[in-house]
Structure formats: C-alpha cells, structure tokens
Amino acid sequence: MPRRRLALEAYRVGWICPLEVEQIAAMDMLDEEHDSLPQKPADHNVYKLGSINNHNIVIAGLPLTGNCPAATVVAQMRMTFPNLRYGLLVGIGGGVPVRTENGTIRLGHVVVGTPTGVHSGTVQYDHGKAKEGSFERTGSIPPPPALLLNAARALNVVREREDHDPVWKDAQRPLKRRRGARRFKFPGVAKDYLYPPQNTHQQPDKSCTESGCDPCQRIDRNVDEDEDEESFVVVHQGTIASGELVVKTAALRDRLADQYGVLCFEMEAAGALADFPCLVIRGISDYCDSHKNDEWHGYAAAAAAAYARQLFFHLPEEEAQK
Ligand SMILES: [Zn+2]
C-alpha cells in the first residue's frame with residue numbers, strides 16, 4: 001500500500017522517545033506510516049510520521065538523553081509542525097518499588113505522570129543545578145493537558161471493565177516483526193530482580209549471577225497482586241522525577257523518592273515539558289539501583305508505547321484533528 005503524504009499542518013501530536021529502542025516500539029504502534037516531509041535546514045530532527053486511529057503523529061527521537069536535548073528537539077519540532085497541540089514523552093524509566101493503589105511498582109509496569117498533591121505530574125528534583133546550566137527554568141513543570149488526562153481516565157475505565165487488556169495486547173505488536181522482535185518480549189517475573197536497598201551489586205560490568213548477588217536476598221514479586229501477570233500491564237499514576245542525574249543507588253533513589261513522593265525517575269521530561277503540554281509515560285526497566293541492567297529495556301519500552309497507543313482510542317477525534 002502506498003504511503004500517504006500529508007501536509008505539515010496535519011500533525012497535532014508529537015511523540016518524543018529518547019532512546020532508539022523506544023523509537024522502534026513507537027513505530028510498531030502506528031496503524032499507518034506516512035511519507036516524510038521537507039523541513040527547514042535549521043531543524044536537525046529526523047521525524048517519523050504516521051497515524052493511530054486517525055490521529056496524525058510526529059515521532060522524534062533524541063540525539064542524546066537529557067533535558068537539554070529534549071528541549072531542543074521539542075522546540076524544532078514545534079517550529080516545523082505549526083499545529084502541534086500536545087506531546088507524549090514515551091519511554092523507559094527507573095522505578096521506585098513503592099506501593100500504589102495498584103500494587104507495588106515492579107519491572108514492566110507503566111508509570112504515567114499525573115498531578116498528585118502539590119506536584120503537577122513531574123517534578124524536576126535537581127532544578128537548582130539545572131538553572132545554573134544552559135537550561136533555564138524556574139517554578140513548577142506544567143501539568144499534562146486535560147485532554148490527555150481525560151483519555152487516561154477513560155482508558156482506565158475500559159481496562160477495569162474488560163477481560164482482555166488492550167495495553168498488553170499492543171505491547172506484543174513488536175513481536176510480529178520478523179527481525180529484532182526478541183528484545184521486546186516479556187522477560188517473565190522470574191527475571192524481575194529486586195534487592196533490598198542495602199544489598200549492592202559488586203561488579204558493575206557483570207550480571208547479578210556473575211557478580212555473585214545472592215538470589216535468596218531478592219524480594220519476590222507478588223504475582224497475585226499483579227492479577228493475571230502475563231496478560232495485564234499494571235499502570236501506576238503519580239509523580240515522575242525528572243533530572244540530569246542517573247540514579248544508580250537504592251539509597252539515593254529512596255531518599256529522593258521520600259522527599260518528593262515519586263514513583264519513577266527519568267531524564268527528559270523537564271526539558272520537553274518546559275513549554276509544551278505533554279503526558280509522560282514510562283515503562284519500568286530497572287530499580288535505579290546498582291543491579292540495573294538492560295534486560296527489561298525492550299519490553300518496558302513496548303509497554304509504555306502500547307499505553308500511549310491506546311490513549312488515541314480515547315481522544316475525541318474533532319479535538320485532535322481540528
Ligand atoms: Zn546484582
């Protein structure tokens with residue numbers, strides 16, 4: 001089927017995915033891919049265009065992770081696509097293994113940045129430091145647009161009521177490809193290693209097994225609490241922490257999590273959201289501790305992308321297309 005070629009003005013939604021694995025997952029969620037369009041020389045982004053449920057979407061990756069690249073990519077994207085109304089920041093993040101009303105946060109779950117208490121959905125915990133650099137912002141990060149929060153609510157309702165989880169189903173879409181599908185497969189709860197905070201991984205370049213991390217110390221995942229584990233994506237809503245720092249110790253994770261009440265850490269939201277209304281969606285791929293590894297990256301990226309895809313079935317068409 002020939003690809004359609006739309007005008008720059010036809011795109012309303014920006015989908016920002018910092019890592020390559022996240023961009024692949026995002027592409028796998030499209031119903032239709034569109035032809036690329038000419039852009040100004042000043043715009044250095046590479047876009048992938050397409051649609052989900054008749055909503056036209058611009059997908060952009062980041063050259064580097066972090067707030068500054070995210071802010072630059074978003075600024076250029078909005079210059080090229082004049083009618084972009086809101087964004088989705090979709091990718092993987094480090095989880096804090098705390099309890100929410102949907103159970104304890106574990107690998108492969110999804111965290112959606114949602115206004116809670118004093119926070120708007122995202123908190124830039126290192127924003128004093130960021131202010132001294134090239135990234136200038138003060139005050140709080142704006143909340144996600146009401147349209148996306150309403151879509152998230154509608155999706156929650158559907159998922160509560162239906163027997164089959166559409167997010168889980170869509171998270172399997174990358175597996176239909178002939179090549180490169182394996183990295184997106186659900187690793188299984190037996191591969192979810194959560195250690196107590198005081199248990200540290202000794203050899204950074206080696207796996208937990210090679211490094212001698214004691215399996216008896218692991219905190220077992222309560223599968224009952226995850227309902228039907230293999231066919232349901234658990235989604236938590238609350239505050240996401242955004243900062244330049246890679247959090248790699250459980251002690252720092254828990255200190256920051258206590259201080260701000262956060263569920264998840266990531267590194268781009270503060271930049272992307274500076275003046276662009278976005279919903280932040282993160283698949284949990286590690287626990288921000290010394291044991292972190294890449295094993296869950298693919299599935300966590302697919303789960304987050306699948307959640308983002310499902311939102312397009314709950315957005316009013318006329319609003320998004322106008
Ligand atoms: Zn380890």
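The values are calculated or read from the model by the stated rules, or taken from the named source; none is laboratory data. Everything numeric in this text was worked out from a predicted model, so none of it was measured. Note that we place each Cβ from the backbone using ideal geometry, even for glycine, and neighbour counts take in every protein chain shown.
Of everything in the range 154-176 that is charged (D, E, K, R) and outside any loop (DSSP other than H, G, I, E, B), the residue that is farthest from the ligand (Cβ to nearest atom) is ARG161. For the range 183-211, taking the residues that are among the acidic types (Asp, Glu) and more than 23 Å from the chain's Cα centre (by Cα), the one that is nearest to ALA304 (Cα to Cα) is identified as ASP205.
Exactly one residue among PRO63, PRO18, PRO69 is at pLDDT below 95, touching a Ser or Thr at 6+ places or on another chain (Cβ under 9 Å) and within 29 Å of GLY261 (Cα to Cα), and that residue is PRO18.
Scan the range 153-174 for residues that are touching a helix residue (DSSP H, G or I) at 6+ places or on another chain (Cβ under 9 Å), over 13 Å from ALA305 (Cβ atoms) and of a type in the set (Lys, Arg) and jot them down. Scanning the range 153-174 gives a single hit, ARG159.
Condition check: more than 16 Å from the ligand (Cβ to nearest atom) and assigned to a helix (DSSP H, G or I). Does ARG253 satisfy that? Spelling it out, it is not the case that ARG253 is more than 16 Å from the ligand (Cβ to nearest atom) and assigned to a helix (DSSP H, G or I). Taking the range 202-226 as the range and being out of contact with any His (no Cβ under 8 Å at 6 or more places or on another chain), within 12 Å of the ligand (Cβ to nearest atom) and touching a residue at least 60 places away in the same chain (Cβ under 8 Å) as the test, the residues that pass are PRO204, SER207. When the range 182-201 is filtered for residues that are more than 16 Å from the ligand (Cβ to nearest atom) and out of contact with any Pro (no Cβ under 6 Å at 6 or more places or on another chain), the ones remaining, listed by number, are ARG182, ARG183, LYS185, PHE186, GLY188, VAL189. Of all residues in the range 277-297, those that are at positive phi have Cβ atoms under 7 Å from Cβ atoms of residues that are in a loop (DSSP other than H, G, I, E, B) and within 13 Å of the ligand (Cβ to nearest atom), 6 or more apart or on another chain, in CYS288/LYS248.
Condition test on ARG179, is it assigned to a loop (DSSP other than H, G, I, E, B) and either small (Gly, Ala, Ser) or more than 10 Å from the ligand (Cβ to nearest atom) (or both)? Yes; evaluated as a whole, the condition is true for this residue. Considering every residue within the range 269-279, establish whether at least one is under 10 Å from the mean Cα position of the chain (by Cα) and more than 16 Å from the ligand (Cβ to nearest atom). Looking for residues that are under 10 Å from the mean Cα position of the chain (by Cα) and more than 16 Å from the ligand (Cβ to nearest atom), one finds at least one in the range 269-279, hence yes. When ALA270 is tested against the conditions (1) of a type outside the set (Ser, Thr, Tyr); (2) modelled with pLDDT under 90; (3) outside any helix (DSSP H, G or I), the lone failure is (3). Within the range 155-175, the set of residues being surrounded by fewer than 16 Cβ atoms within 10 Å (Cβ to Cβ) and touching a residue at least 24 places away in the same chain (Cβ under 8 Å) comprises ASN156, VAL158, HIS164, LYS169.
Test SER242 against the criterion of being away from the ligand (no atom under 16 Å from the Cβ), touching an Asp or Glu at 6+ places or on another chain (Cβ under 7 Å), closer than 17 Å to ARG106 by Cβ and touching a residue at least 40 places away in the same chain (Cβ under 8 Å), and give yes or no. No: the conditions fail for SER242.
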